[in-house]
1. Please go through segment 477-488 and give me each residue that is at negative phi and either open to solvent by 10 Å² or more (accessible area, probe 1.4 Å) or not in a strand (DSSP E or B) (or both), ordered by number.
2. Would you check if there is a residue in segment 432-441 being over 32 Å from the mean Cα position of the chain (by Cα) and more than 30 Å from Tyr263 (Cβ to Cβ)?
3. Please identify the pairs in which a residue from segment 116-145 that is within 19 Å of Val95 (Cβ to Cβ) and modelled with pLDDT of 85 or more has its Cβ atom under 6 Å from the Cβ atom of a residue that is assigned to a loop (DSSP other than H, G, I, E, B) and open to solvent by less than 80 Å² (accessible area, probe 1.4 Å), counting only partners at least 6 apart or on another chain.
4. Could you list, in sequence order, all residues of segment 449-476 that are over 31 Å from the mean Cα position of the chain (by Cα), of a type in the set (Ser, Thr, Tyr) and surrounded by 15 or more Cβ atoms within 10 Å (Cβ to Cβ)?
5. Restricting attention to segment 439-475, report how many residues are in a strand (DSSP E or B) and in contact with a Cys (Cβ under 7 Å, 6 or more places away or on another chain).
6. Pairs needed: first member in segment 304-332, on the phi > 0 side of the Ramachandran plot; second member anywhere, among the polar types (S, T, N, Q) and modelled with pLDDT of 95 or more; C-beta distance under 6 Å; at least 6 residues apart or different chains.
7. Show me the helices (runs of 4 or more DSSP H) entirely contained within segment 57-132 in which 1 or more residues are of a type in the set (Val, Ile, Thr) and more than 24 Å from Tyr311 (Cβ to Cβ).
8. Looking at segment 424-448, which of its residues are touching a Phe, Trp or Tyr at 6+ places or on another chain (Cβ under 8 Å), open to solvent by 20 Å² or more (accessible area, probe 1.4 Å) and of a type in the set (Val, Ile, Thr)?
Amino acid sequence: MNHPTDLEVNRVGGEVSDGPCRVNMAESRDSGDVTDEMPELSEMNDEEWCDWDEDEQNKEQVQIRCLFCERLFLSAQATFSHCTAEHQVDMTQIVYKHGLDCYGFIKLVNFIRITKPSAEYFRSTLDQIPWDNEEYMKPPSTDDLLLQFDVDEFWEGVGGQTCPPARRDVESPTRAAQLQRLQEAEKRAEEAEAAFERIMNDFEKMRQYVQDFVVNADARTGTSATNAVADLREDEDSVYFSSYGHYGIHEEMLKDKVRTESYRDFMYSNPHIFKDKVILDVGCGTGILSMFAAKAGAKHVIGVDQSEIIYQAMDIVRENELDGVITLVKGRVEDVELPVSKVDVIVSEWMGYFLLFESMLDSVIYARDKYLMEGGAVYPDICTISLVAVGDRKKHDERVAFWEDVYGFKMSCMKKAVIPEAVVEVLNHDTLISEPCTIKAIDCNTVGISDLDFTSEFSLKITEDHECVAISGHFDILFEKNCSNKVKFSTGPRSTQTHWKQTVFLLEQPIPVKKGDILQGKIACCKNRKDPRSLIITISMNNMKQVYSLQ
């Protein structure tokens, strides 16, 4: 569900036409002119000969390749300094943290050489020791000079130690005292870090509270705008795209079988839509939809994404030998130039919580208006948002009534901070006390950006005597246009769970209801004026009006 800007990378033919992560650093080194003529021996005295011979030897020593890129270095220390400066991987600190001896260090180097992790991914594994396996004692190359590095050089900076403190069986009193002082210093540093983290957490909570107050004030005064994400500068949108740069969020989406298999089934069971067509995948992520489209018979698939995950997508496409069909472009679709002027079909997994959170549909609409040829189609094509009443009194007591008596103290003012925050969670279908009511239907082939801010009345038919403590929202997705085999899925609480879950709006005061009652109200949904990727939702019901934020 990411987006796209700036940099185009063409994987046709298995080659990269551009891309910051694909530069061959070995070829770009300033290694000098290899065609320099060697001086005549008769013109060189002994001192000149020795100098020339030493220079030639130094050139031959340029063999140590960086652990995370293709740069070559004269020494292990130069390699480690480069890893620290360019990749934020401090090998010294890793050796200290895990108490690595020479064998542990060899395993570490071989692990990186064999698995070839990105620096960002490697940093995320440092709380564990993924290289602690005997299989990593065998190097992929016996010519790796890093394996000859004496790890004791790292430990010489710690009280003159020549091996990890945890590995030495006997310690002199002096070294023991030094180790104790070091451990005490580390403990004080950890305590200071923990205190700082508590302060930052408190600051973040206060910042969030103030932001929610301002957001709600904007909504109350009716000043919310209908601005599109295309109006955001790239730096203003960087946080959103960086959240999709890590593999974790893509793993969660790919493992959502309802989501992923629905797209796959739609494409594979309707090949006539894709056969020999040009397809645009907006927010391609790991490229799964692009590959589905290619397998369904597409002539050319263009995937666009702004997040860093697109570099992994390039490798994935090449690994599956689809680089002759799929072209990947890095950037926001609003900013890049595609290698084609028009496309036959647009596919995108743009949906967010409550369907419209993240406002990625804006980008799909932009791409549709600019690139989709007449008679083309956008998929999914039909989307609906529905509400249902929730009767879970225990949930209300735990999250709202809790603040009325906290260890004998009244904290009811906290309700003003808790209630306006919409909650994304999986509901127990046994807590539902009404039939669902559709409040918004969207046709992705015709909808405009201004249509995405809406107000709708709703009527919830109550199915049992209870108390309504919350209103829950979910959405349904349909692939229908020109489909001989239609596909749909739901994110509702009575359907198979998805990673979108449900969006719950808690009421400050429960509303008593009886079976057969019609609970009527009005809901308004609009983009947050200060952050068009988040939503402001206002629910009016039973002489009550509450503003919620989803961010």
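The values are calculated or read from the model by the stated rules, or taken from the named source; none is laboratory data. All values derive from a computational prediction rather than experimental measurement. When we count neighbours, we look across all protein chains shown, and the Cβ atoms used for this are built from the backbone with ideal geometry, even at glycine. Just so you know, the surface numbers come from the protein's heavy atoms only, side chains and all, with ligands and any DNA or RNA stripped out. Shrake-Rupley method; radii C 1.70, N 1.55, O 1.52, S 1.80 Å.
1. Of all residues in segment 477-488, those at negative phi come to 477-481, 483-488.
The answer is Leu478, Glu480, Lys481, Cys483, Ser484, Asn485, Lys486, Val487, Lys488.
2. Yes.
3. So the pair list comes out as Ala119/Phe68; Ala119/Val89.
4. Of everything in segment 449-476, those that are over 31 Å from the mean Cα position of the chain (by Cα), of a type in the set (Ser, Thr, Tyr) and surrounded by 15 or more Cβ atoms within 10 Å (Cβ to Cβ) turn out to be Ser456, Thr463.
5. Initially, segment 439-475 is screened for residues in a strand (DSSP E or B), giving 439-443, 454-462, 466-475.
Still in the list and also in contact with a Cys (Cβ under 7 Å, 6 or more places away or on another chain): 442, 454, 458-460, 475.
Selection size over segment 439-475: 6.
6. none
7. 91-98, 102-115
8. Within segment 424-448, Val424 is the sole residue that qualifies.
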